[in-house]
Amino acid sequence: MINKIVKMFNNNSILIKDNFLIFIAFNMANLIGFLFQFYMGRVLGPSDYGILGTLLALVYLFNVFVLAIQTSIAKFVSDLKVKNEYNKIAYLLVRSLRKLFILNSLIVIALIIVSPFLADFLHIEKLPLIIIAFFILFAGVIPATRGILQGLQKFSSYGLNYLIEAILKLLIAFILVYLGFKVNAGVLAIVLSVMLALILSLVPLKKLLFIKKEKFNTDIIYSYSFPVGFTLLMLTSLYTVDIILVKHFLDPVKAGLYAAMALIGKAIFFGNFSICQVMFAKASELYYKNEHSKNILYKSLFFILMLSVPVIIIYYLFSDFILRISYGQSYLEISNLIWLYSLAILLFTLIYTISLYNLAIGKIRFIYLLVLFNLLEISLIWLFHDTILNVIMILLYLLSALFGLSLLIVWFSKDVRSNTRNSSL
């Protein structure tokens, strides 16, 4: 067994190198992101932090569309890179920036219009929702640059951009809190940091801005974004709809406690996000070359387990200590629940990785499975939301079943193209 593991690492040095580069950058960004959350949790207290946590859940839902477009662009840039068609990549960059800016400006206007109704459902004020609407304008454009960086496998620049965004968010939050802002300090920090990250993401792509552009039909990229976007929407809903429903059904303090627990648990997902991103780019390229790609997925799942299980054990043994140094004494009520929620997030991370793999090799029928489990999650939480533990157990049971089914589907499906139409899940 040990010899097989050693052989796995030796045979995949490039995969490990790329994962290491982006893993370091992403996890430094995640660490700073957690510091931002912990700081805001301390200065706001559970009740107001519940508001920020709910707004962040809405941000995660919008990031579905961001990641959908980014994933689509990355996939097609990866194909163009194989064919050495950099003039088309340059055209894609310029066209995507313009197109996404116009589209997201319209979304911002629509969100401002519906903000009174959304504020009423979530029991919060309108102003934070209006501010967060402008996050959409910048976050909705940045997949044009990050998707190209990912597709070109410029993983160091790709990871560094996320790191810069995280640093700016924390610094801006410190300044705004010092100036007397409360919940809006966190919201403004999110908006301003992604705006600056967008500007800086153009730096490693500056050569593409000045080379000759070769026009081509980019509609196929955005048509591919639809199944990608819908898939990521279903995936993101699995770990955000619970926060929104808890904010609606439980009291403000319980909602704040749940948001804090969710953030600590989601360290599992964010800590492994780089592995998912590298796996997607590698699997997409292998599939385009008509080479087997399942081993990339299995090794990625193995890396995720290796990194996550020790973290869950630490959460189980030292949850009180973690809460005291992160959020403070007022959050200790959830200390015995963190490891359970983290276990659910580990299952979600494995499901997310399998889903990205399916997208990389052009298989989309598994989306029906995600829809079914989202409906089950919403229905069960709507009916059984009396305690935080009830919500966690619903997540655990559903995600365990979904992971098992997703893995079976991949195991029995093909991972190379054939002359006949691929109709497998």
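Highest mean packing first, where packing is the average number of other Cβ atoms within 10 Å per residue, the peptides 204-211, 34-41, 245-252, 308-315 line up as 34-41, 245-252, 308-315, 204-211.
Computed from point charges on the beta carbon alone (+1 for Lys and Arg, -1 for Asp and Glu), the dipole magnitude for the chain about its Cα centre is near 1760 Debye. Could you work out the longest stretch of the chain that avoids the GluC sites (Glu not before Pro) located in DSSP loops with at most 16 other Cβ atoms within 10 Å? Longest gap between qualifying sites, sites excluded: 292-425. The helix-based estimate of mean residue ellipticity at 222 nm for the chain, built from -39,500 (n - 2.57) per DSSP H run of four or more residues and divided by its residue count, is -29000 deg cm²/dmol to the nearest 500. Scanning the chain for DSSP H helices at least 27 Å long along the axis (C-alpha atoms) with a Kyte-Doolittle mean no lower than 1.0 picks out 13-82, 86-122, 155-178, 183-201, 219-249, 294-326, 338-360, 388-411. Considering only C-alpha atoms, what is the centroid distance from the stretch 90-148 to the stretch 254-313, in Å? After rounding, the separation between the Cα centres reads 26 Å. Qualifying trypsin sites (Lys or Arg not before Pro) in the stretch 299-384, where qualification requires a DSSP coil assignment and no more than 13 other C-beta atoms within 10 Å, comprise 365.
With neighbour counts taken as other beta-carbon atoms within 10 Å, the residues 400, 293 rank, fewest first, as 400, 293.
What aspartates and glutamates could a cross-link reach from residue 294, if we take a straight Cα to Cα line under 20 Å and drop same-chain neighbours fewer than 8 places away? Cross-link targets: 18, 79, 285, 415. Footprinting exposure proxy ranking of 234, 393, 279, 195, fewest other C-beta atoms within 10 angstrom first, gives 393, 195, 234, 279. Listed by chain and number, the lysines placed with their C-alpha closer than 22 angstrom to that of residue 182 are 126, 169, 247, 254; residues fewer than eight positions away on the same chain are left out.
Enumerate the lysines that residue 206 could reach by cross-link, defined here as Cα to Cα under 20 Å, with residues fewer than 8 away along the same chain left out. Output for residue 206: 81, 88, 99, 154, 215.
Laboratory data are not the source of any read-out in this text; all were calculated from the coordinates shown. Quick caveat, the model's predicted, so the values are computed rather than measured. Cβ sites come from the backbone with ideal geometry, for glycine too, and all protein chains shown count toward neighbours.
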